[in-house]
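Below is one structure, written out as structure tokens, with a few remarks after it.
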Amino acid sequence: MRSLPFLILSISICAQAQKPVPTKPAQLKYSTAKIFDFVLSAKNKTLDTSIQFPKIYFKSKTPLKQFQDAIEKQWGQRPAEITNAFANDNNEIYLMDDQDYYIKAGRCMDDSLAHELTHYVQSKYQKFDLNDESLEWDAVDVQTQFREKFCP
């Protein structure tokens, strides 16, 4: 009978050891200005100070409801979690800052910002309708160029 408490303690310690250890949120390696300059250059655009720059929100500091409210009309659904997205009507960018995600994907959060800033430029500078699926491929292309140059 003496071994029962030891067994329970051992099981508890093993269960705790298997829980994922939360990591610090990912951080941008480059300034937002540098990333935006890259996007503008890739899109053959120059800075237009009359166009309001989007507010940027990070998953670790943003309530899910805020993201859902910002993106529901655009996507036609309420997402279950915060993902990388440009909320056109609110002129907001949402970024996942899960460091483990970027490590596993061999990426950096900066290339995600480059992708979402491309959507911002498509909408606000070029006046394109973001429902055009080809714009996603364009954003992926700019993101890939950024990643290859700045996210080794």
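The values are calculated or read from the model by the stated rules, or taken from the named source; none is laboratory data. Note that this is a predicted model, so its numbers are computed, not measured. FYI the Cβ positions are ideal-geometry reconstructions off the backbone, even for glycines, and counts take in every protein chain you see. For accessibility, only protein heavy atoms count, side chains too; no ligands or nucleic acids. Shrake-Rupley method; radii C 1.70, N 1.55, O 1.52, S 1.80 Å.
For this structure, a couple of remarks:
- A full extension of the chain between GLU81 and THR49 corresponds to an added length of 8.3 nm, given 0.36 nm per residue minus the alpha carbon distance.
- Loop sites in the stretch 88-145: GluC sites (Glu not before Pro), DSSP, at most 15 other Cβ within 10 Å: GLU133
- Per-residue accessible area (protein heavy atoms, 1.4 Å probe) orders VAL140, VAL39 as VAL140, VAL39, starting from the largest.
- Straight-line cross-link reach from LYS149 at under 13 Å between alpha-carbon atoms covers these aspartates and glutamates, not counting any fewer than eight positions away in the same chain: ASP110, ASP111, ASP141.
- Cross-link pairs exceeding 21 Å between alpha carbons, from the set LYS29/LYS73; LYS34/LYS124; LYS29/LYS59: LYS29/LYS73.
- Here the label points at TRP137 and TYR125, each 7 Å from Cα along the C-beta direction, are separated by 2.1 nm in the simple model.
- Accessible surface ranking that places the most exposed of THR46, THR62, THR83 first, with a 1.4 angstrom probe: THR46, THR83, THR62
- Given charges at beta-carbon only (K, R positive; D, E negative), |dipole| of the stretch 50-145 in Debye: 340
- Pairwise centroid distance, computed over Cα atoms, of the stretch 131-152 with the stretch 56-103, Å: 18
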